[in-house]
Amino acid sequence: MNTAVHSNVAILVLVVLFAADPAAAWRPWPQNANRMNVSDYAFGDSKKYEGSSEFVKLRYHMGPVLTTNITVHTIWYGRWERNQKKIIREFINSISAVNSPHPSVAAWWRTVQLYTDQTGANISKSVRLGQEKNDRFYSHGKSLTRLSIQSVIKSAITARTKPLPINPRSGLYLLLTADDVYVQDFCTSVCGFHYFTFPSLVGYTLPYAWVGNSEKLCPGQCAYPFAVPAYIPNMKPFKSPNGDVGVDGMISVIGHEMAELATNPLANAWYAGQDPTFPVEIADLCEGIYGTGGGGSYTGQVLDAHDGATYNMNGIRRKYLVQWVWSHVLNYCTGPNALDH
């Protein structure tokens, strides 16, 4: 994928081939049976281990994973409130906060850390916030395509003032779009995705993720279970732990994409399936599962805060609801709030 391209025609072909479907395109709400790969990676009959299945063939394809200290460089696209940024920043900081109360975000990340590269080196336990870039004036408009997302990243790393640092080996670039920004396929089939930038467009191969705030456009699809899609009758939404349905919904998507970026940054490391352009990754295998017994439209057994909000993990000072991820050691989905721990 990183082979040098020597003609404009070859560049165009490369862009068309890989722009169609970034490595993960995720929706947090309960999936229907028509979703690709569901029949291939169906949950097994085990009642104890959520998502456990002898049919899941998650394999390592010898590509790099993020084993050195991970630095998250954030691009805030559009207008964001100060408290919204605080909620997201603290979640990212909580990944390495070993003193958070049980069950913690840091304990959730320990499942991600189990994955290794071909030398046996584990994914880094250190995840920290890097530099940030604010794009308050929607420099690329309020409707973005998957390719124009890469242009936003290019603008951030080439800005005249305070450009984001370029760190292909341990940098993770997180583009967060405000609630009035539409991104290609947002709400209809994706709430977030990750991939890597094309040197022909950006100048570097950089792992990145995009996640959108769905509060105005489709909270029932992308802020589930703090909002409920219309096709689930008589289901009451959960109360969000930080009082912001859109941002609290984003947290799980951010966690999903960061876990997959760490284990499959260039679409050639850890995934199931034969096609690297349509991989099933460690968080895809656990969609909709937040606690013991989860699956279908049931989140699993989660926790209730004193104010009635729903969560399953503690951060440094806040609470979050984050989906589980697949453990290739245990061969099932797991999280720090699992009742069998």
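The table below gives the values:
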{"item": "Scan of the range 268-283 for residues that are farther than 18 Å from residue 122 by Cα and surrounded by 19 or more Cβ atoms within 10 Å (Cβ to Cβ), ordered by number", "result": "272, 279, 280"}
{"item": "Tabulated pairs, the range 248-267, first open to solvent by 10 Å² or more (accessible area, probe 1.4 Å), second of a type in the set (A, V, I, L, M, F, W, C) and not in a helix (DSSP H, G or I), C-beta under 8 angstrom, 6+ apart or interchain", "result": "266/1; 266/196"}
{"item": "Condition met for residue 191 (hydrophobic (A, V, I, L, M, F, W, C) and more than 22 Å from residue 285 (Cα to Cα))", "result": "no"}
{"item": "Residue within the range 48-67 that is among the small types (Gly, Ala, Ser), under 20 Å from residue 335 (Cβ atoms) and modelled with pLDDT of 50 or more present", "result": "yes"}
{"item": "Residue count, the range 104-128 (criterion: assigned to a strand (DSSP E or B) and surrounded by fewer than 17 Cβ atoms within 10 Å (Cβ to Cβ))", "result": "2"}
{"item": "Count of the range 150-188 residues which are among the β-branched types (Val, Ile, Thr), within 16 Å of residue 77 (Cα to Cα) and within 20 Å of the chain's Cα centre (by Cα)", "result": "5"}
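The values are calculated or read from the model by the stated rules, or taken from the named source; none is laboratory data. Note that the coordinates shown come from a computational prediction; the quantities given were computed from them, not determined experimentally. When we count neighbours, we look across all protein chains shown, and the Cβ atoms used for this are built from the backbone with ideal geometry, even at glycine. With ligands, DNA and RNA removed, areas are computed over all heavy atoms of the protein, side chains included. Shrake-Rupley method; radii C 1.70, N 1.55, O 1.52, S 1.80 Å.
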